[in-house]
Amino acid sequence: NWLEHAHAYQFLEAGLSYCDENDLTTWHIYINGCHAQLLLREGKWDEAAAIAQNEVLAEHATPMLRFPAVTALARVRVRRGDPDVAYLFEMLASYIQTGNEPPRFLLYASICAEQAWIAGVADEQLCDVISQAARLAGETGDIWSTGELYFWGHQLAITGLSGFPVALPYQLMAAGHWAAAAAAWSELHCPYDRALALMSGDEDAQHEGLTCLDALGAKAIASRFRQLLRQQGARSVPRGPQLATRSNPSGLTRRQMAVLVLLADGLTNADIGHRLFV
């Protein structure tokens, strides 16, 4: 299984130790970028972004060595809807022009597809890039990249993206088995992908998916799903956390912060309820 996180951490630790022991500072940057990608898949976005940002700013590193960190940071910012993402896409595009190896091209195409879906538009050139990447992924036997590109390609209504095997969770999603797909992603410790699977389910599943996306901080993705659900005539669409909650470092509401302050003051549950008129 390509997403064996436990084994990945073992290799990361061994690789970083080897770099430290042999003064391979530049390759340390590359491996840290891979670490950021792994944390991203596990839903630890703040930690992933912090590591990736540090390596993106490493001026002495070559573009190839910074590539994993750039892709990790770009994905976090795209999913959150952060404004400072354009320069990362410029970096990715320049890397592709100078060194178009399949793994880098597939990552680039999938990030572009995700951003296009959030924006609600994909021009003909981007559709060609996604189709080309999906075909390349299939031909090289990369069932995970193929599945991801098929998924976003389907969301963007790109036709002709079939014919190659994809990883099991993507098979289940394509077949409409959203609950089984969500369970598969959960077993792989991929909360973001689980949330995407839930968004293909019934109303309860969609609400759970939105809750998961909100918890991850995927504001742009969650906002796009809410927009689509309203357009489809959904009866009730959770509006998501308020501005004050989103700006709180721990994602707490004003009422939760008030409770926390009173707990810190040593008040009992009954005292807190009385003080807050609950």
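Quick grid of which residues meet (1) at pLDDT 95 or above; (2) closer than 21 Å to residue 40 by Cβ; (3) among the small types (Gly, Ala, Ser); (4) open to solvent by less than 30 Å² (accessible area, probe 1.4 Å):
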| residue | (1), (2), (3), (4) |
| --- | --- |
| 116 | yes, yes, yes, yes |
| 159 | no, no, no, no |
| 171 | yes, no, no, no |
| 194 | yes, yes, no, no |
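Show the residue pairs meeting these rules: Cβ distance below 6 Å; 6+ apart or different chains; first residue within the range 85-96 and under 17 Å from residue 59 (Cα atoms); second residue open to solvent by 40 Å² or more (accessible area, probe 1.4 Å) and assigned to a helix (DSSP H, G or I).
Close Cβ pairs satisfying both conditions: 92/108; 95/63.
Across the range 130-142, what is the total count of residues that are surrounded by fewer than 17 Cβ atoms within 10 Å (Cβ to Cβ), of a type outside the set (D, E, K, R) and not in a loop (DSSP other than H, G, I, E, B)?
Of the range 130-142, the ones surrounded by fewer than 17 Cβ atoms within 10 Å (Cβ to Cβ) are 132, 135, 139-141.
Among the residues that remain, those that are also of a type outside the set (D, E, K, R) are: 132, 140-141.
Checking the rest, the ones that are also not in a loop (DSSP other than H, G, I, E, B) come to 132.
Residues that pass the stated criteria total 1.
Restricting the search to the range 1-47, which residues are open to solvent by less than 70 Å² (accessible area, probe 1.4 Å), more than 19 Å from residue 190 (Cα to Cα) and not in a helix (DSSP H, G or I)?
24
Take the residues in the range 83-106 that are in contact with a Phe, Trp or Tyr (Cβ under 8 Å, 6 or more places away or on another chain) and not hydroxyl-bearing (Ser, Thr, Tyr); name whichever of them is least open to solvent (accessible area, probe 1.4 Å).
92
For the condition more than 14 Å from the chain's Cα centre (by Cα) and crowded, with 18+ Cβ neighbours inside 10 Å, what is the one hit in 239, 224, 235, 230?
The match here is 224.
Out of all the residues in the range 1-45, which are free of Cβ contacts under 8 Å to residues at least 40 places away in the same chain and acidic (Asp, Glu)?
4, 13, 20, 21, 23
The values are calculated or read from the model by the stated rules, or taken from the named source; none is laboratory data. All figures in this text were calculated on a predicted structure; none of them were measured in a lab. For neighbour counting, all protein chains shown are included, and Cβ atoms are generated from backbone atoms with ideal geometry for every residue, glycine included. Just the protein is used for accessible areas: all its heavy atoms, side chains included, with ligands, DNA and RNA removed. Shrake-Rupley method; radii C 1.70, N 1.55, O 1.52, S 1.80 Å.
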